[in-house]
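The values are calculated or read from the model by the stated rules, or taken from the named source; none is laboratory data. This one's a predicted model, so the numbers in the text were calculated from it and none came from an experiment. A quick note on method: Cβ atoms are made from the backbone with ideal geometry, for glycine too, and the neighbour counts reach across all protein chains shown. Each accessible area value is taken on the protein alone, full model and side chains, heavy atoms only, with ligands, DNA and RNA left out. Shrake-Rupley method; radii C 1.70, N 1.55, O 1.52, S 1.80 Å.
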Amino acid sequence: MKNNSLQHMSERIKQAVNKIENRQLAQDLWYILGERHFEGFLPHFVVNHFCAKYHLTDKEFALISLPISACYANTGVSHFNVGAIARGESGNFYFGANQEFCATNIQQTIHAEQSAISHAWIRGETKLTDITVNYTPCGHCRQFMNELNSAETLKIHLPHSQNNSLHQYLPDSFGPQNLDIDNRLFDKKENGLRFSTEDPVIQAALEAANRSHAPYSNSFSGIALQLQDKRIFQGSYAENAAFNPSLPALQTALNYLLLSGNEVENIERAVLIEHPMSLSYRAMAEDLLAYLVENVTLEYISL
Ligand SMILES: [Zn+2]
């Protein structure tokens, strides 16, 4: 994880792009990614441009782009790179990859599908239509996807098998409906937390907490990470009906930062805001942050 510099990332992407058969497409993609500072995000107009120019469906283009999304993986434990691409209703592509953190507990891990999905969510997408992934989704991710407001219509594509529904992977599922929860992940939220401040990092954490999905515990939480160049990355807690596949706010923020082509070493401030009804992620966040960055203490506000 600590060697994940932008230069290293661009080197990895260059190697992946070089393996694309269509050389012209590879060259175009390399140019676009470089121009966009290697963020793992392709807006709909870029996707449409590639599909029109190379006579591809967006599903085919996602399959071609998968090895690039896998370049964002940090696999200090498994050495097994998984890449995923979430396609939003907007037509945007959001890349994702597994993020593993050594020297802490395995529960801090982010799976590739969680990475792509939370990336799309934090960027403001309101519904997903497709998930493309280079290996068959594990049980944890099948359950994570069952929380989506598009769980019933989502299409899952793999290199060897396309157009599968989530329910093919998760028959007789347990999900929000079993707990009488209507508000799903990606549905609009306003959790009603209030805190008066002029501090932009605290304001960002508050906004993230107000957008968090925690219908089972009502323990809303959000985090804001500020880099040395003052850019702020938000993360919101994404709770799951089966509890353990839930993704904490620090994970969604770190994932957003990494998938945007940035480095965790540049984090200067971290603010966690929680409404800790029955749960708290404070200790877990402090533990991971202490491993990732030196001399940054988690600022904590309980509302
Ligand atoms: Zn998984």
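When the residues of region 172-186 are filtered to those that are touching a residue at least 12 places away in the same chain (Cβ under 8 Å) and among the polar types (S, T, N, Q), the one that is surrounded by the most Cβ atoms within 10 Å (Cβ to Cβ) is Ser173.
Restricting the first member to region 127-145 and to residues that are more than 19 Å from Glu89 (Cβ to Cβ) and in the same structural domain as Ala238 (by TED's automatic domain parsing), and the second to residues that are within 12 Å of the ligand (Cβ to nearest atom) and aromatic (Phe, Trp, Tyr), no beta-carbon pair is closer than 8 Å while six or more apart or on different chains. Of everything listed in (1) surrounded by fewer than 21 Cβ atoms within 10 Å (Cβ to Cβ); (2) polar (S, T, N, Q); (3) modelled with pLDDT of 95 or more, the single unmet condition for Thr75 is (3). Of all residues in region 264-284, those satisfying the criterion of being open to solvent by 50 Å² or more (accessible area, probe 1.4 Å) and acidic (Asp, Glu) are Glu265, Glu268.
Table: residues versus (1) within 12 Å of Asn255 (Cβ to Cβ); (2) hydrophobic (A, V, I, L, M, F, W, C); (3) within 16 Å of the ligand (Cβ to nearest atom); (4) modelled with pLDDT of 95 or more.
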position: Ala97; (1), (2), (3), (4): yes, yes, yes, yes
position: Thr104; (1), (2), (3), (4): no, no, no, no
position: Ile117; (1), (2), (3), (4): yes, yes, yes, yes
position: Thr126; (1), (2), (3), (4): no, no, no, yes
position: Val133; (1), (2), (3), (4): no, yes, yes, yes
position: Thr136; (1), (2), (3), (4): no, no, yes, yes
position: Gly139; (1), (2), (3), (4): no, no, yes, yes
position: Gln143; (1), (2), (3), (4): no, no, yes, yes
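Determine whether Asn210 is crowded, with 17+ Cβ neighbours inside 10 Å, within 30 Å of Ile301 (Cα to Cα), polar (S, T, N, Q) and out of contact with any Asp or Glu (no Cβ under 7 Å at 6 or more places or on another chain). So Asn210 fails the test. Among residues of region 282-299 that are within 15 Å of Gly235 (Cβ to Cβ), those with a beta-carbon under 7 Å from a residue that is assigned to a loop (DSSP other than H, G, I, E, B) and at pLDDT below 95 at least six positions away or on a different chain give the pairs Leu288/Phe101; Leu288/Thr104. You will find that of Ser217, Ser246, the residue that is polar (S, T, N, Q), surrounded by 20 or more Cβ atoms within 10 Å (Cβ to Cβ) and out of contact with any Gly (no Cβ under 9 Å at 6 or more places or on another chain) is Ser246 and no other.
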